[in-house]
Amino acid sequence: MYIKNLKIKNPLFLAPMAGITDHPFRVLCKKKGVGVVYTEFVSANGVVRKNLKTLELVKFTQDERPIGVQIFGDDPEIVGRSSKIIFDMFKPDIIDINYGCPVPKVTKHGAGSAALKDLCLMEEITLSVIESVPSVPVTVKMRSGWDERSIVSSEVGPRLEKIGVSAITLHPRTTKQQFSGKSNWNLIKDLKQSVNIPVIGNGDVKNAHDYKQIKKITSCDGVMIGRAALGNPWIFDEIMCYEKNKIFIKPSIYEIIKMCKEHYILLREEKNDNVSVNLAKKHFFYYLKGFNDASVWRKKIMRAVGAKDIYKIIKTMENTFSN
């Protein structure tokens, strides 16, 4: 699979997720077989203002490539400028524009999936980015429409392709749906049939069976996985085993605990005590499920007040489940 001139050896994508897809999580997913990762999405306004917290979100290491940076905003000139700043400073492999975020604090200003209500503005923003960074593939991630009465994905696709977008990721829910209901994979199929550029399917892929089904139904070129990777970076390994006709062995509880430990060590290397503890609690909530007394261990983690507490709990868990 190629996105413009970028060769994608393994067309499995980790979706950009705010507060989730930081460097530690991206590294772990890379180790488990994901082909392309994205940073957390960043505000074009924050980038243009050179906000340090915003720019920190964009930093990545060479072993994370190929990597995309996703931006959002409602002003074509500012979004274009932000993409140029990001490319000049960090040289990512892909610049992706967020037309999919349904969160009100983003959409109320006209950004994210609110752009689906104004396709002319969407075109202006997209063209501004393409003209600002002509040497890097520009892609978009979008929803199918604002609500069920305004499904526009198959109309938008050809318009974006015509102005130079290199690939489109479609999450076939509407903004109003948020994450409720089921993704309508037939809309991905419709989009695929309407454009010649790569289409990446996203939504409700939770295992290798779902991956097989979305590929069969839609003929999409790649698959993006978001929430299903939380606490389960092995999902990429599972899918790669399916692709290579190998048997996937689910991780044992002990292996999951070892992953928690590795994740926490990466967090501690990059973030201060408070942030690493809070993020550990968030991620461990997803890791520690589906076994006897899982809720007991989650409660212990949630009650932890410092870095040493987290380490002690992990060590106790290792000892408990080592046999």
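The values are calculated or read from the model by the stated rules, or taken from the named source; none is laboratory data. Quantities reported herein were computed from a predicted structural model and do not represent experimental measurements. When we count neighbours, we look across all protein chains shown, and the Cβ atoms used for this are built from the backbone with ideal geometry, even at glycine.
The set of residues in the stretch 145-172 that are of a type in the set (D, E, K, R) and without any contact (Cβ under 8 Å) to a residue 40 or more places away in the chain comprises D147, E148, R149, E155, E161, K162. Every condition in (1) modelled with pLDDT of 95 or more; (2) within 21 Å of the chain's Cα centre (by Cα); (3) not assigned by TED's automatic domain parsing to the domain that holds I20 is met by M224 except one, and the failing one is (3).
With the condition kept exactly as written, say whether any residue in the stretch 206-215 is assigned by TED's automatic domain parsing to the domain that holds V34, closer than 24 Å to S150 by Cβ and among the acidic types (D, E). Let's see the steps before the verdict.
Going residue by residue through the stretch 206-215, those that are assigned by TED's automatic domain parsing to the domain that holds V34 are 206-215.
From what is left, the residues that are closer than 24 Å to S150 by Cβ are 214.
Subsequent filtering for residues that are among the acidic types (D, E) retains none.
No, the stretch 206-215 has no match at all.
Is one or more of the residues making up the stretch 198-217 closer than 20 Å to L119 by Cα, modelled with pLDDT of 95 or more and not small (G, A, S)? Yes, the stretch 198-217 has at least one match. Only residues that are surrounded by 14 or more Cβ atoms within 10 Å (Cβ to Cβ) and either without any contact (Cβ under 8 Å) to a residue 12 or more places away in the chain or not assigned by TED's automatic domain parsing to the domain that holds K258 (or both) were counted in the stretch 279-292, giving 0. For the stretch 86-101, the criterion of being touching a residue at least 12 places away in the same chain (Cβ under 8 Å), of a type in the set (A, V, I, L, M) and over 25 Å from V223 (Cβ atoms) is met by at least one residue.
Among the conditions (1) part of a helix (DSSP H, G or I); (2) surrounded by 14 or more Cβ atoms within 10 Å (Cβ to Cβ), P251 misses just one, which is (1). Check whether at least one residue in the stretch 293-304 is assigned to a loop (DSSP other than H, G, I, E, B) and exposed (fewer than 14 other Cβ atoms within 10 Å of the Cβ), and report yes or no. Yes, some residue in the stretch 293-304 is assigned to a loop (DSSP other than H, G, I, E, B) and exposed (fewer than 14 other Cβ atoms within 10 Å of the Cβ). Looking across the stretch 202-219 at every residue that is outside any helix (DSSP H, G or I) and surrounded by fewer than 18 Cβ atoms within 10 Å (Cβ to Cβ), the one that is nearest to the chain's Cα centre (by Cα) is identified as K206. When residues in the stretch 14-64 are screened for being without any contact (Cβ under 8 Å) to a residue 60 or more places away in the chain and at positive phi, 1 of them pass.
Helices (runs of 4 or more DSSP H) fully within the stretch 1-82 that include at least 2 residues being under 21 Å from G203 (Cβ atoms): 23-31.
For the stretch 1-22, enumerate the residues that are closer than 26 Å to H263 by Cα, out of contact with any helix residue (DSSP H, G or I) (no Cβ under 6 Å at 6 or more places or on another chain) and of a type outside the set (V, I, T). Within the stretch 1-22, K9, N10, P11, F13, A15, P16, M17, A18, G19, D22 meet the criteria.
Residues that are under 22 Å from A229 (Cβ atoms) and among the β-branched types (V, I, T) occur at least once in the stretch 300-311. Residue-level analysis places Y38 among those that are touching a Pro at 6+ places or on another chain (Cβ under 6 Å), modelled with pLDDT of 95 or more and among the aromatic types (F, W, Y). Taking the stretch 200-242, which residues are without any contact (Cβ under 8 Å) to a residue 40 or more places away in the chain and in contact with a Ser or Thr (Cβ under 8 Å, 6 or more places away or on another chain)? G201, G203, D204, listed by residue number. As a summary of the residue check, P92 satisfies the conditions (1) out of contact with any helix residue (DSSP H, G or I) (no Cβ under 6 Å at 6 or more places or on another chain); (2) surrounded by fewer than 23 Cβ atoms within 10 Å (Cβ to Cβ) except for the one numbered (2).
Based on this model, can you work out whether D204 counts as among the acidic types (D, E) and farther than 26 Å from T61 by Cα?
Numbers: among the acidic types (D, E): yes; farther than 26 Å from T61 by Cα: yes.
Answer is yes for this residue.
Quick test of your reading of the structure: K289 fulfils all but one of (1) in a helix (DSSP H, G or I); (2) out of contact with any His (no Cβ under 7 Å at 6 or more places or on another chain). Name the failing condition by number. Against the list (1) in a helix (DSSP H, G or I); (2) out of contact with any His (no Cβ under 7 Å at 6 or more places or on another chain), K289 comes up short only on (1).
For the stretch 98-190, which helices (runs of 4 or more DSSP H) that fit wholly inside it have 1 or more residues that are at pLDDT 95 or above and surrounded by 24 or more Cβ atoms within 10 Å (Cβ to Cβ)?
119-132, 153-163
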